[in-house]
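The values are calculated or read from the model by the stated rules, or taken from the named source; none is laboratory data. Just so it is clear, the structure is predicted and the values come from calculations on it, not from any experiment. Don't worry about glycine lacking a Cβ; one is built from the backbone with ideal geometry, like all the others, and counts go over all protein chains shown.
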Amino acid sequence: MKKLTKSVLAVVAAGMMAGTAMAEPTNLRIQTHYGPETISGKNAAMFVDDVQTMSNGEITIEMFYSSSVVKSVETFDAAATGILDCDMTGGAYQTGKDPAFQFVGDIMGGYDTPYQQLSWLLLGGGKADAQKLYNKYGMELIGWWVVGQESLSSTKPIRNADDFKDWKFRSPPGMETKIFEKLGAKPIVMDFTEVFTALQTGIIDGADASILANNMGMGLYDIAKYATYPGFHSMPSDHLACNKAKWDAMPENQRRIMEVAMEKLALRQALAGEKANNEAAAALKAKGVQIEDWSPEDRRKFHAAAQASWDEFATTDEAKALVASHKNYLKSIGLLIEQ
C-alpha cells in the first residue's frame, strides 16, 4: 500500500512539474521613436514591465528608445527582416510602400476621440482588415496606442474653416496637404525639427506639429498665440507590429499577454494625453493664448474635406479596402459625412 501511495504521489508530482514548466523563453527587440522621458516613452516602459511581469519572465523585452538602432521610418523594415523583432512607431511612416498605411497611421477627419478610433480596430473588424496589409509585408499587427487629437498652432486666429484661406502652415507629407488645400490653406511640407524656427522667422503662419501639451513643451506658444483645442484634424495611431514568423512561433499564452498589455497601454495612453492636454490648455489660457474650440458646423466642414480626400489617396486595392472598412464603421456610429 505504501509503495502504491508513493508511486501515485510520484506520478502526481511529475505531472505538476510538467504543467508548471516554463514555455520556451522569448526575447523581443522593439524600437520606438519616443524618448524615455516623454508621455509615450513612459507608457512604453510600463508596457515592457507589464509583459515581463505577467509572463513570469517567459518574455523579455529590449526596448530601444528614440530610434536608436535605425531611423524611425526604417523600423518597420528592420523588424520584417529580423534586425529587430517589433516596430513600435506608426503606420504613417510606411505610406511610401502603400497609401493604405495612411489609413492605419493617421486617418484624418474620421474619428473624434481615441476611443472611437480604437473601437474600429477592436470592435469594428478593423484589426482583421488591417492585418491583411501587415501580413503582406511579413508583419503582424498586435495593437494600437492613440494619444489623442493633435492641435494646430498659429500666429493668426483660426476660429473656423474660413480662416484657413491663404494660411501658410507646416504640414507633414501625404494626404493632409490635399485636405487643407481644399479648404484654401497653403501647406508647406517641412521636417518636425524646423517648425520652431520657421514660426519664429515668419516663413509659416502656423503648424501642425503635435498634441497641445507637446506643442507647449516645444515652446510653440511663445510665438504662436492661437491654438485649436480640442483638436479635430489629426489623430495618429502608433502601432505595435511584430515580425510575423517571430510572432507565430510564440506560444499562445505569450501572444495573449502581449495583446492584453497592448489594450492596457492604449487606455493609459489616451488617458495620459487627455490629462496632459487639459493641464496645458489651462496653463496657456492663463498666459493669454487664445484657445479656439471649433463649432460642430466648422468641424463638419473639415471632416467633409478630409473624407472626400480619402478616395483620392486610396490608389491601391489595400487602401480602398481600408477606406471602405472605415466608412462602413463610421456610418454605423453616425460619423460618416455623406458626400
* To do: Being over 21 Å from the mean Cα position of the chain (by Cα) and not charged (D, E, K, R) is the filter; apply it to the stretch 179-194 and report the residue that is surrounded by the fewest Cβ atoms within 10 Å (Cβ to Cβ).
  => 184
* Asked: For residue 89, which of the numbered conditions (1) under 23 Å from residue 41 (Cβ atoms); (2) free of Cβ contacts under 8 Å to residues at least 60 places away in the same chain fails to hold?
  -> (2)
* To do: Check whether at least one residue in the stretch 169-178 is crowded, with 20+ Cβ neighbours inside 10 Å and of a type in the set (Val, Ile, Thr), and report yes or no.
  => no
* Given the conditions (1) in contact with an Asp or Glu (Cβ under 8 Å, 6 or more places away or on another chain); (2) part of a loop (DSSP other than H, G, I, E, B), which single one is not true for residue 76? -> (2)
* For residue 188, are the conditions met, namely being of a type in the set (Val, Ile, Thr) and free of Cβ contacts under 8 Å to residues at least 24 places away in the same chain? -> yes
* Just for strands (runs of 3 or more DSSP E) wholly inside the stretch 80-178: which have at least 3 residues that are hydrophobic (A, V, I, L, M, F, W, C), at pLDDT 95 or above and assigned by TED's automatic domain parsing to the domain that holds residue 271? -> 139-145
* Asked: Within the stretch 215-228, which residues are in a helix (DSSP H, G or I) and touching a residue at least 40 places away in the same chain (Cβ under 8 Å)?
  -> 215, 216, 220, 221
* If we scan the stretch 37-45, do we find a residue that is charged (D, E, K, R) and buried (at least 17 other Cβ atoms within 10 Å of the Cβ)? -> no
* Structure fact -> Of the candidates 89, 113, 32, the one satisfying the condition of being in contact with a His (Cβ under 6 Å, 6 or more places away or on another chain) and within 22 Å of residue 276 (Cβ to Cβ) is 89
* To do: Working only within the stretch 52-66, note down all residues that are surrounded by 16 or more Cβ atoms within 10 Å (Cβ to Cβ) and acidic (Asp, Glu).
  => 58
